Amino acid sequence: DLLFDYLKGFGYRVMGVNDGENALAMLEYVKPDIILLDVKLPGIDGFETCRRLKAREATRNIPLIFITDQTNTVHKVRGFALGAVDYVTKPLQSEEVLVRVKTHLTIQSLQLALAEQNARLQAEIVEKERLIRELDAFAHTVAHDLKNPVGVTVSYGQFLKKYRDKLTPAELEQYLDNITWNGYKMSNIIDELMLLASIRITQEQMRDL
């Protein structure tokens, strides 16, 4: 009761139950930021309660501090093996409990923030890999689309350079028209590429806002 009131005095919202079964039942509906668990409980003891909590997905990652009047190493090792983050012994020093609670809440907060940051980075990596694959496919398509008009233009240019004196005005006009038409075709492909690039840049900027 003293510890309960002491922690409430520092602004913590505290809920208490008097045995492991009630704790397990309550934690079906409530997810605390940290759990203080006495080893000696009526019914199932604290070790078994801890084991069941760590077996649940919803409560597995909640920091758990054991409270006990046992100071031997075996009990401590067993508690840590079950997933506890710390141990405090009776008679309790409220100031010590407060420091340990603050410490493990801070650690938990930093771990959650790091996990969120890692998740965001992983999502960004996946998105960039998708964009790279998309860009590679698009570059391949553009190269394929440009290859034909470039080849035709070069061929016509070489042909005109070699045979321009032997062509009639009508033939010369036809070759020049073909070169011009392929030039427009290449220009349209480049315009489409630039438009797509500007859309991509806009999408990335909107995503970053």
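The label point for Leu110 and the one for Ile44, both projected 7 Å from the Cα toward the Cβ, are 3.3 nm apart. Computed about the Cα centre, the dipole magnitude for the chain is approximately 460 debye when only Lys and Arg (+1) and Asp and Glu (-1) carry charge, each at its Cβ. With respect to the chain, whose longest principal axis is taken over its alpha-carbon atoms, helix 46-55 is tilted by about 10°. Simple rule: put +1 on each Lys or Arg Cβ and -1 on each Asp or Glu Cβ in the range 1-145, find the dipole, and look at Leu37, Gln108, Gln70; the Cα lying farthest toward the positive end is Gln70. Cross-link partners for Lys161 among the aspartates and glutamates, with Cα-Cα distance under 18 Å and sequence neighbours closer than 8 places in the same chain left out: Glu171, Glu173, Asp177. Rounded to the nearest 10 degrees, the angle from helix 73-82 to the longest Cα principal axis of the chain is 40 degrees.
Across the options Asn178, Leu196, Leu98, the greatest Cα extent toward the positive end of the charge dipole of the chain (unit charges at beta carbon of Lys, Arg, Asp, Glu) belongs to Asn178. Return the subset of Lys40/Lys76; Lys31/Lys90; Lys128/Lys185; Lys8/Lys76 for which the Cα-Cα distance in this structure is over 23 Å, preserving the input order. Too far apart for the 23 Å limit: Lys31/Lys90; Lys128/Lys185; Lys8/Lys76.
Distances between placed amide hydrogens fall under 5 Å for Leu41 paired with Gly46, all partners being 5 or more residues away or on another chain.
To the nearest ten degrees, helix 94-163 and the longest principal axis of the Cα atoms of the chain are 10 degrees apart. For semi-axes √(5λ) of the Cα gyration tensor in Å, which listed value, (i) 26, 20, 19; (ii) 30, 20, 17; (iii) 78, 16, 13, comes from the coordinates shown? From the options (i) 26, 20, 19; (ii) 30, 20, 17; (iii) 78, 16, 13, the structure gives (iii).
Which percent of the accessible area of the chain is formed by carbon and sulfur heavy atoms (probe 1.4 angstrom)? Roughly 58 percent, rounded to a whole number.
About its Cα centre, the dipole of the range 1-53 is roughly 180 debye, where the only charges are +1 on Lys and Arg Cβ and -1 on Asp and Glu Cβ.
The values are calculated or read from the model by the stated rules, or taken from the named source; none is laboratory data. On a predicted model such as this, the values are computed, not experimentally measured, just so you know. Every residue, glycine as well, gets a Cβ built from its backbone with ideal geometry; the counts of neighbours run over all protein chains shown. Areas reflect the complete protein model, heavy atoms only, side chains present, ligands, DNA and RNA absent. Shrake-Rupley method; radii C 1.70, N 1.55, O 1.52, S 1.80 Å.
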